[in-house]
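Following: one structure in structure tokens, then a few remarks.
The values are calculated or read from the model by the stated rules, or taken from the named source; none is laboratory data. The structure displayed is predicted, hence computed values, not measured ones. In this analysis, Cβ positions are derived from the backbone assuming ideal geometry, glycine residues included, and neighbour counts consider all displayed protein chains.
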């Protein structure tokens, strides 16, 4: 598991109160019952934590935890 993935998991657990045992690597945000408002909240948390900017709709319920980490890593690489 990447450092980014670990940080995403920590955000989900600490800020959005997701139970750790619900966070399998392939579980999608949709499977966690994240609606559009929770996705917006998560986007803002990711932007603040990682210093990135996510466009509206860029983070979707189809993303897994690993997919969110890949999205963040890609944004960080583009900023550098």
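For every residue, the table says whether it meets (1) part of a loop (DSSP other than H, G, I, E, B); (2) touching a residue at least 12 places away in the same chain (Cβ under 8 Å).
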| residue | (1), (2) |
| --- | --- |
| 9 | no, yes |
| 13 | no, no |
| 16 | yes, yes |
| 21 | no, no |
| 25 | yes, yes |
| 37 | no, no |
| 45 | no, yes |
| 48 | no, no |
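The requirement of being within 11 Å of the chain's Cα centre (by Cα) and at pLDDT 95 or above is not satisfied by residue 18. In this entry, residue 37 is excluded by the filter for residues that are on the phi < 0 side of the Ramachandran plot and either modelled with pLDDT under 95 or within 12 Å of the chain's Cα centre (by Cα) (or both). Within the stretch 33-62, the set of residues being crowded, with 17+ Cβ neighbours inside 10 Å and under 13 Å from residue 9 (Cβ atoms) comprises 42, 46. Among the residues of the stretch 63-80, those identified as out of contact with any helix residue (DSSP H, G or I) (no Cβ under 7 Å at 6 or more places or on another chain), surrounded by fewer than 17 Cβ atoms within 10 Å (Cβ to Cβ) and either within 19 Å of residue 31 (Cα to Cα) or touching a residue at least 24 places away in the same chain (Cβ under 8 Å) (or both) are 70, 79.
Residue 30 falls short of the stated requirement of being surrounded by 13 or more Cβ atoms within 10 Å (Cβ to Cβ), at negative phi and not in a loop (DSSP other than H, G, I, E, B).
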